[in-house]
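Okay, structure first, notes after.
The values are calculated or read from the model by the stated rules, or taken from the named source; none is laboratory data. Because the structure is predicted, anything quoted here is derived from the model rather than measured. Here the Cβ is made from the backbone with ideal geometry for all residues, glycine too, and neighbour counts use every protein chain on show. For the accessible areas, the whole protein counts, side chains as well, though only heavy atoms, and no ligand, DNA or RNA atoms are used. Shrake-Rupley method; radii C 1.70, N 1.55, O 1.52, S 1.80 Å.
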Amino acid sequence: MQNHWLASLDAEDQARLKPHLQPHAFERGQVVHEAGAASEAVWFPTRGAISLLTLVERRAVETAVIGAEGLVGATCGPLNGGAMTRAVAQTDGLASCIEAGAFSEALAESPRLREAIARHTEMLFAQVQQIAACNAEHRLEERFARWLLMLQDRVESPTLHLTQQSVADMLAVRRATVSEVSALLEERGLIRRKRGAIEIVDRPELERASCDCYRAINQVMEQLETGGNA
């Protein structure tokens, strides 16, 4: 598998980055970078998903999820600032990584690379804004469906290895509430609950059960991949 953001670069920029890229495996629950800290590396997932969490008092709420379509850490170390979010692996996976300093040097050398990172940042901000609105306005059943769809898009498997507690943490609700909502979706034949996992059984119906935020986020991502404006 490949990282789509890296694959979208022209040959010159790919050659600029390739000597510095190193493969890294990550495990579910692994902290890729902490909020407030400078990122030591930029991660380009090739398999799996990494969530960005915003810390609110003692809770961490998911505000974005990134898979093979993007990268994690480029708004931190390369720009000499601190991360606004905590990045945590949502699943097991693989990534290509580059040290923040090397990526910063590549950005300084290539206007096209800066344009590509700007498009990605625009997509990321759009996702964060859409999810913030979704969390504030939509019913939990719709939000849960949207979240499952976004995660499956990145895992590319109908079976998502999740616990009810991890879902509750991402959606900022009680574990019992997740149990109730997942039971409703299971009764409708959209998902099947397993020990430590959720299987998506009827994706078309799950998309219909989701709010419009899922489609809005995908539209921005498609524009990113084609180089259009969001």
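Nearest 0.05, what FRET efficiency do Ala11 and Glu180 give at R0 = 45 Å with Cβ-Cβ as r? Each step should come with its number before you reach the end.
On the way: r = 52 Å, r/R0 = 1.16.
Efficiency for this residue pair is about 0.30.
Between Glu207 and Gln223, 0.36 nm times their residue separation minus their Cα-Cα distance comes to what? Show your work: numbers first, answer last.
Numbers: separation 16, 0.36 × 16 = 5.76 nm, distance 2.03 nm.
Additional length available on full extension: 3.7 nm.
Would you work out the relative contact order for segment 144-207, in percent, from Cα pairs under 8 angstrom that are 6 or more residues apart? Intermediate values should be presented prior to the final figure.
Working: 65 pairs, mean separation 23.3, N = 64.
Dividing the mean separation by the residue count of segment 144-207 yields 36 percent.
Over the heavy atoms of Thr85, what accessible area does a 1.4 Å probe trace out, to the nearest 10 Å²?
The accessible area of Thr85 comes to roughly 30 Å².
Please report, as a whole percent, how much of the solvent-accessible surface of the chain comes from carbon and sulfur atoms (probe radius 1.4 Å). Display every interim value, and only then the final one.
On the way: 5510 of 11350 Å².
Heavy-atom surface of the chain belonging to carbon and sulfur, 1.4 Å probe: 49 percent.
Defining a contact as two alpha carbons under 8 Å apart and six or more residues distant in sequence, what relative contact order in percent does the chain show? Please list the in-between numbers first.
On the way: 406 pairs, mean separation 48.1, N = 230.
Relative contact order here is 21 percent.
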